[in-house]
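Read-outs: derived from the displayed coordinates by stated rules, not from any lab. Just so it is clear, the model here is predicted, and its values are computed rather than measured. As a convention, Cβ positions derive from the backbone with ideal geometry for all residues, glycine included, and neighbour counts pool all protein chains shown.
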Amino acid sequence: MADPDVSPEVFSVRPELTARLMAETRLDEKILTELVHRFYARVRKDSVLGPVFEARITDWAPHLERMVAFWSSVALMTGRYHGAPMPAHIGLPVGWAEFERWLALFRETAFETCAPKGAALVIERAERIARSLHMAIEDARPRAVPSLQ
Ligand code: HEM
């Protein structure tokens, strides 16, 4: 049985690194769960982003669980997420303006949910990932092929 004194909720493939990140950022699974749940509650109410998510996600519980695992992997290096974010976004009807909106809601939620260092870490990661998802969406967009003649 797990020792209840040693972070009982945290599974990590890199326990020492995770423990260091948790100590430095004051992030843990509980805070990340709160961050994800609050953030998507805001997203769902947003007039621009809400409909984009509602058109794709019918069962929110598994999405939220997946997103907590994702942030646990990204922020605490636990290795809990095993998905592929890129293909999930290809073809979504969004451009950089929608990513800016996503990031604005995420920053707001991070600042009110996490300690300053934790907020800074998740925001910096979100900004990087948003840029690469946006690039992947743009690259996959069908466009007119220029004539070679
Ligand atoms: C305008 C911005 C965004 C929109 C509209 C959007 C929309 C979506 C939707 C609809 C899904 C569910 C796909 C499905 O299950 O069919 C999804 C999944 C996901 N999103 Fe986003 N997203 C956005 C930005 C981001 C950003 C910035 C991140 C990371 C920082 C992110 C991370 C993820 C991850 C990890 C998944 C789960 C992929 C999987 O394992 O299936 N998304 N997103």
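Numbers below:
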quantity: Residue among Leu17, Leu27, Leu21 that is surrounded by 13 or more Cβ atoms within 10 Å (Cβ to Cβ), part of a loop (DSSP other than H, G, I, E, B) and either without any contact (Cβ under 8 Å) to a residue 24 or more places away in the chain or more than 14 Å from the chain's Cα centre (by Cα) (or both); calculated: Leu27
quantity: Residue in region 49-95 that is nearest to the chain's Cα centre (by Cα), counting only those that are within 18 Å of Glu29 (Cα to Cα) and basic (Lys, Arg); calculated: Arg66
quantity: Filtered residues of region 39-66 (kept if touching a helix residue (DSSP H, G or I) at 6+ places or on another chain (Cβ under 8 Å) and free of Cβ contacts under 8 Å to residues at least 24 places away in the same chain); calculated: Arg44, Gly50, Phe53, Glu54, Ile57, Trp60, His63
quantity: Residue ID - nearest to His37 (Cα to Cα), chosen from residues in region 64-90 that are near the ligand (Cβ under 7 Å from one of its atoms) and in a helix (DSSP H, G or I); calculated: Met67
quantity: Number of the exception - Pro93 against (1) within 24 Å of Thr18 (Cβ to Cβ); (2) assigned to a loop (DSSP other than H, G, I, E, B); (3) near the ligand (Cβ under 9 Å from one of its atoms); calculated: (1)
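Residue-by-condition table, conditions (1) part of a loop (DSSP other than H, G, I, E, B); (2) surrounded by fewer than 20 Cβ atoms within 10 Å (Cβ to Cβ); (3) not hydrophobic (A, V, I, L, M, F, W, C):
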{"position": "Glu98", "(1), (2), (3)": "no, yes, yes"}
{"position": "Thr109", "(1), (2), (3)": "no, no, yes"}
{"position": "Lys117", "(1), (2), (3)": "no, yes, yes"}
{"position": "Ala120", "(1), (2), (3)": "no, yes, no"}
{"position": "Arg128", "(1), (2), (3)": "no, yes, yes"}
{"position": "Leu133", "(1), (2), (3)": "no, yes, no"}
